[in-house]
Amino acid sequence: MIKVLVFSPIAVENGRGGEISSMELAAGLQEYFDVTFIHTNQLPGKKLLNKRAIENKLKNVKIDSRIKFAILKLSNVMFTFPYPWEILRLYKKVKKNDVIYTSFNNIKSTLLFIFFSLLHRRGKFIIGYRKPLYSEKIFSLYNLKYRISILLFSLFKNNFIPHTMSNYAKNYLEHFYKTDSVVHITHGIELDKYKDNGKEVKSDITLNFVYIGYLDDPHKGVGVLVDAIEKLLDENLNMKIFFEFCGMGPLESRLRELERKYPNYVKFHGYISNEEIPDYYKRNDVFLFTSRREPFPRVLMEALAAKLIIICSKTIGSIELLKQKAFSFFFRKLSPGAIKDRIVEVYKLWIKNPNRIKELQNSARIYIFNNYSFDIEIEEFKSLINRIYRY
């Protein structure tokens, strides 16, 4: 049986999309391969996943090891350095496997896996690009980091298979690799959590909006969203609307202030467990997405599967997933006024034609169920692993 190692460069307790996807990938592949899962002690933020949630994601896959890095935090910046003996320990794990999957993290990880690939020549290395490959700031360190790493990997292109979730990333990487060597496999979600059980949980009395995710402004744009909702509520206190927020992050206090100011219109739940998230989606009507950049946001797929209309910013992932879809309402720019206008537009449509809103919600669900099943993702990875291992 082919031996597969899934390596998460970030501690799975971090609980963001990349860590969740890596655990789900390992759990999905274990039916077909001998799967090992390893992660590290690198935790950029607060823990979002507890032990039970991690076990539920991994199912029967055991965490084989945690690779330890020396960590130095200065202000909001984290510097990490792999211990030499931990590098050796990780390599011993790597060389026992036929196929190694990891997500791109930083230049140190790039150099580490290039070194491993030179020593473990029979191994097949898949590198997942799960983040946007550019920043709007042309001379940012973010851009430099990605360009250097892509260049380094491309110098050893026979050793690595790049994996992308967005067509944009695929087209970008094809400047460095042969067209047929870049693998494009998008996220899939576990649809069992969103299947219709015959119970209607959405309200006909109010139009309910929800935001679920990290609560910051530089990445997720939540500060702009809160300004938009406050501006809307200041002007219209007779609208039949309600806003729910779930998550944790720097803007928690700001949301509590908004909740205190408008207790009949806003509810801040704080952090909710991964198992509870589908219930919060299902009881709402509209999902609010204000990220400044995202590669291919699974949160949108989850919201659509739960029959939510989307009001969203234009990112690489959201455009690819939602372009020309009637159930998506893009705002022209990330500003309080633009977000408010879209909320009002959807609200007026609900008041005028509630059946049209239900039609859009149903079509959103059908779209995801037909195209973004987790089973499809695993089948594509299974085919990829079988194909590259025969080379």
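Values quoted throughout were computed directly from the atomic coordinates according to the rules given, and no laboratory measurement underlies them. Everything numeric here is computed off the predicted structure, so don't read it as measured data. Heads up, the Cβs are rebuilt from the backbone with ideal geometry, glycines too, and the neighbour counts pull from every protein chain shown.
Placing +1 at every Lys and Arg Cβ and -1 at every Asp and Glu Cβ, with all other atoms neutral, what dipole size does region 34-157 have around its Cα centre, in debye to the nearest 20? Present the calculation step by step, with values, prior to reporting the outcome.
On the way: 25 positive and 6 negative charges, 50 e Å.
In total the dipole reaches around 240 debye.
Counting other C-beta atoms within 10 Å, which of H163, H269 has the fewest, and how do the rest follow?
H269, H163
In angstrom, the C-alpha Rg and Dmax of region 192-371 are 15.0, 42. Sites listed here are chymotrypsin sites (Phe, Trp or Tyr not before Pro) in region 197-295 whose DSSP assignment is loop and whose Cβ has at most 15 other Cβ atoms within 10 Å: Y271.
Provide the percentage of antiparallel DSSP beta bridges, counting only those with both residues in the chain; round to the nearest 5.
Working: 6 of 51 bridges.
Antiparallel: roughly 10 percent of the beta bridges in the chain.
When the helices of the chain are scored as -39500 (n - 2.57) per DSSP H run of n ≥ 4 and the total is divided over every residue, the value at 222 nm lands at -13000 deg cm²/dmol.
As a rough footprinting exposure proxy, the listed residues K195, K157 were ranked by other beta carbons within 10 Å of their own, and the order from fewest upward is K195, K157. As a length-normalised measure over Cα pairs under 8 Å and 6 or more apart, the relative contact order of the chain settles at 14 percent. Phi angles across region 336-345 convert, under the Karplus curve 6.51 cos²θ - 1.76 cosθ + 1.60 with θ = phi - 60°, into 3J(HN,Hα) values of x, x, 5, 5, 4, 4, 5, 4, 5, 4 Hz, Gly and Pro given as x.
So which of K51/K220; K46/K307; K51/K193; K51/K325; K57/K340 end up more than 32 Å apart by C-alpha? Too far apart for the 32 Å limit: K51/K325; K57/K340. Comparing Cα centroids, region 85-129 and region 266-307 end up 34 angstrom apart.
Note on region 44-163: Rg/Rh from C-alpha atoms, Kirkwood Rh, equals 0.98.
Under Stokes-Einstein, with the Kirkwood radius over Cα pairs standing in for Rh, what whole-number D in µm²/s applies to region 313-367 at 4 °C and 1.567 mPa s? Can you show the working numbers first?
Numbers: Rh = 12.1 Å.
The Stokes-Einstein estimate is 107 µm²/s.
Note on the chain: semi-axes of the ellipsoid equivalent to its C-alpha gyration tensor, largest first and rounded to whole Å, are 38, 22, 20.
Between the Cα long axis of helix 252-261 and the first principal axis of the chain there is an angle of about 10°, rounded to the nearest 10.
Between helix 374-389 and the chain there is an angle of about 20 degrees, using the helix long axis and the longest principal axis of the Cα atoms. Cα extents for region 282-391 along the principal axes, largest to smallest and rounded to whole angstrom: 58, 29, 23. Could you work out how far helix 141-155 tilts from the main Cα principal axis of the chain, as a 0 to 90 degree angle to the nearest 10? Here the helix axis deviates by roughly 40 degrees.
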